[in-house]
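Trainee: Starting off with a structure, shown below.
The values are calculated or read from the model by the stated rules, or taken from the named source; none is laboratory data. Keep in mind the model is a prediction, meaning the values are calculated, not measured. Note: ideal-geometry Cβ built from the backbone for every residue, glycine included; neighbour counts use all protein chains shown. Each accessible area value is taken on the protein alone, full model and side chains, heavy atoms only, with ligands, DNA and RNA left out. Shrake-Rupley method; radii C 1.70, N 1.55, O 1.52, S 1.80 Å.
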Amino acid sequence: MSSIENDMYLFSEEVMIPKAPPDFKSGFIGIIGRPNVGKSTLMNQLVGQKIAITSPVAQTTRNRLRGILTTPKAQLIFVDTPGIHKPHHQLGEVLVQNAKIAIESVDVVLFVVDASTSCGTGDLYIADLVSRSDTPIILGLNKIDLQSEKAKAIDASYMQMAELHKWQTIKFSAQSGQGLVELQEKLIEKLDLGPYYYPPDLVTDQPERFIMGELIREQILLLTREEVPHSVAVAIDKVEETTTITRVIATINVERDSQKGILIGKGGTMLKSIGSAAREQIQKLIAGKVYLELFVKVQPKWRQSRIRLAELGYRVEE
Ligand SMILES: Nc1nc2c(ncn2[C@@H]2O[C@H](COP(=O)(O)OP(=O)(O)OP(=O)(O)O)[C@@H](O)[C@H]2O)c(=O)[nH]1
Ligand SMILES: [Mg+2]
């Protein structure tokens with residue numbers, strides 16, 4: 001970033017960032033937790049736009065994603081991470097490695113747990129991991145809308161963990177929005193004075209192409225079953241904009257012929273359903289008409305190969 005005038009900074013070739021007022025706060029907040037606890041749902045709610053895909057299937061998120069919330073007082077940059085779990089293959093290892101890097105590189109860790117069930121070994125494993133770093137930690141109890149009469153016992157199981165590590169706690173529902181204003185306030189309290197890192201109206205650092213690929217993958221997660229979802233990687237091959245329509249061509253990579261068969265479905269019905277649902281989502285993203293063409297390709301063992309993972313857009317750290 002280079003200084004242009006006293007009150008503006010050059011962010012990219014076209015975008016200028018205003019200089020923040022003297023009492024402005026900013027910083028990076030890592031959203032960490034087990035798979036499926038609602039990390040991506042939370043980030044989408046906080047920034048007010050769907051930038052990360054979500055699904056009832058564990059291990060939905062694959063890359064660290066930034067979501068940006070700018071208020072008059074502060075700029076909060078959320079880093080959504082893949083759920084931390086015991087890895088079984090190279091992709092799993094890359095995902096967990098990415099989450100660990102996030103813990104070290106942020107100003108605050110928001111450790112999210114699913115408060116519709118009690119604290120489990122997966123949470124304790126992460127507690128141990130995050131407590132080894134010097135980054136300040138807040139424990140966030142999510143899904144309180146699902147809490148039943150057992151709420152007290154459930155809360156106590158998490159409070160015990162928080163007291164042990166002297167962590168602040170906060171309860172909320174990423175889905176209903178309950179408690180999120182308080183969460184925002186608490187996070188701002190933890191941040192230091194700082195500049196705008198991004199233009200105030202930007203909500204993510206991800207290019208549109210990446211989100212398009214994710215929206216296609218989301219429909220695959222929602223519409224197919226069993227081993228297919230985790231064997232899929234989507235590559236956007238082409239985006240052509242005309243004045244009336246945006247043409248998107250994408251390839252869905254799978255590992256086996258059988259998965260290709262499931263994805264295409266009888267007479268192409270499955271691929272058609274995925275395509276039309278994804279097209280609607282992409283239309284919302286770009287606020288315009290979309291023509292989506294999908295291809296399915298077998299790439300044996302892409303999850304085992306670090307080179308293929310990098311080619312498919314995963315951050316593979318040495
Ligand atoms: N009832 C309820 N459901 C929620 C809440 N937050 C998230 N969910 C649901 O929980 C499921 C998982 O949400 P995600 O946001 O994909 O979870 P994640 O932690 O990002 O999962 P990974 O990316 O796999 O690590 C989805 O079906 C969400 O709709 C909540 O506050 N209440
Ligand atoms: Mg996620």
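Trainee: Mind checking which pairs have a first residue in the stretch 17-28 that is over 15 Å from Ile188 (Cα atoms) and a second that is of a type in the set (A, V, I, L, M, F, W, C), Cβ under 7 Å, 6 or more apart or different chains?
Mentor: From residues that are over 15 Å from Ile188 (Cα atoms), the pairs are Ile17/Met8; Ile17/Phe11; Pro18/Met8; Lys19/Met8.
Trainee: Kindly indicate the residue of the stretch 14-27 that is at pLDDT 95 or above and not in a loop (DSSP other than H, G, I, E, B) and also farthest from ligand 2 (Cβ to nearest atom) among those meeting that condition.
Mentor: Among those that are at pLDDT 95 or above and not in a loop (DSSP other than H, G, I, E, B), it is Lys25.
Trainee: Can you name the residue in the stretch 75-99 that is open to solvent by 40 Å² or more (accessible area, probe 1.4 Å) and touching a helix residue (DSSP H, G or I) at 6+ places or on another chain (Cβ under 7 Å) and is also farthest from ligand 1 (Cβ to nearest atom) among such residues?
Mentor: Among those that are open to solvent by 40 Å² or more (accessible area, probe 1.4 Å) and touching a helix residue (DSSP H, G or I) at 6+ places or on another chain (Cβ under 7 Å), it is Gln90.
Trainee: Would you be able to say whether some residue in the stretch 275-293 is assigned to a strand (DSSP E or B), surrounded by 17 or more Cβ atoms within 10 Å (Cβ to Cβ) and modelled with pLDDT of 95 or more?
Mentor: Within the stretch 275-293, one or more residues are assigned to a strand (DSSP E or B), surrounded by 17 or more Cβ atoms within 10 Å (Cβ to Cβ) and modelled with pLDDT of 95 or more.
Trainee: Kindly establish whether Ala58 is more than 12 Å from ligand 1 (Cβ to nearest atom), open to solvent by less than 50 Å² (accessible area, probe 1.4 Å) and modelled with pLDDT under 95.
Mentor: So Ala58 does not fit the description; no.
Trainee: Continuing with the same structure: Can you name the condition, by its number, that Ser105 falls short on among (1) among the polar types (S, T, N, Q); (2) more than 15 Å from the chain's Cα centre (by Cα); (3) buried (at least 23 other Cβ atoms within 10 Å of the Cβ)?
Mentor: (3)
Trainee: When only residues in the stretch 25-42 that are in contact with an Asp or Glu (Cβ under 6 Å, 6 or more places away or on another chain) and closer than 14 Å to Val108 by Cβ count, which is farthest from ligand 1 (Cβ to nearest atom)?
Mentor: Out of the qualifying residues, it is Gly27.
Trainee: Please tell me if Thr121 is out of contact with any strand residue (DSSP E or B) (no Cβ under 7 Å at 6 or more places or on another chain), among the β-branched types (Val, Ile, Thr) and surrounded by 13 or more Cβ atoms within 10 Å (Cβ to Cβ).
Mentor: So Thr121 fails the test.
Trainee: Find all pairs meeting these conditions: Cβ atoms under 7 angstrom apart; at least six residues apart or on different chains; first residue within the stretch 136-152 and without any contact (Cβ under 8 Å) to a residue 40 or more places away in the chain; second residue among the basic types (Lys, Arg).
Mentor: Filtered contacts from the stretch 136-152: Leu141/Lys171; Ile144/Lys171.
Trainee: Read through the list (1) more than 23 Å from the chain's Cα centre (by Cα); (2) part of a helix (DSSP H, G or I), then give the number of the only condition that Lys297 fails.
Mentor: Among (1) more than 23 Å from the chain's Cα centre (by Cα); (2) part of a helix (DSSP H, G or I), the lone unmet condition for Lys297 is (2).
Trainee: Looking at Leu271, is it in a helix (DSSP H, G or I), surrounded by 14 or more Cβ atoms within 10 Å (Cβ to Cβ) and modelled with pLDDT under 95?
Mentor: No: the conditions fail for Leu271.
Trainee: Something else: If you go through the stretch 47-68 one residue at a time, how many are near ligand 2 (Cβ under 9 Å from one of its atoms) and assigned to a strand (DSSP E or B)?
Mentor: So the answer is 1.
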